[in-house]
1. Of all residues in region 21-58, which are surrounded by 14 or more Cβ atoms within 10 Å (Cβ to Cβ), touching a Lys or Arg at 6+ places or on another chain (Cβ under 8 Å) and modelled with pLDDT under 95?
2. Can you tell me which residues in region 46-75 are in contact with a Leu (Cβ under 9 Å, 6 or more places away or on another chain) and part of a loop (DSSP other than H, G, I, E, B)?
Amino acid sequence: MFERDGSPVPGWSRDTYRAVRPAQPVWVSLGAALNQPTSGRPPVPEGLDLASEVPGELVAWERTTTGEWAGLVTFVVRRAHARAGGTRHTMWLYGRALRRREDVGRRR
């Protein structure tokens with residue numbers, strides 16, 4: 001996922017920031033990204049689904065202070081029972097919560 005390095009944002013180091021142009025489709029593991037807790041509580045069908053894997057768009061990589069890579073990703077969070085709608089989010093997530101989507105063609 002690092003092969004499409006773009007020019008860095010002004011003031012950012014090329015060593016720590018890499019734009020992804022065009023944006024690339026990825027899977028976002030919300031459970032891994034948001035540190036899903038383990039609990040013995042019963043499921044809430046109308047609650048937010050923060051444990052599933054959802055499609056997203058990767059637009060940049062940035063190094064964290066610990067040296068790990070984080071991806072800037074846009075994705076939608078839905079309620080567990082909803083098939084549509086939800087709220088759109090763009091945020092930095094650790095790379096370990098992302099994987100390339102093979103179900104769609106790579107954008108050039």
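The values are calculated or read from the model by the stated rules, or taken from the named source; none is laboratory data. All values reported here derive from a predicted model rather than from experimental measurement. Here Cβ is always computed from backbone atoms with ideal geometry, including for glycine, and neighbour counts include all displayed protein chains.
1. The answer is A32, L48, D49.
2. D49, L50, A51, S52
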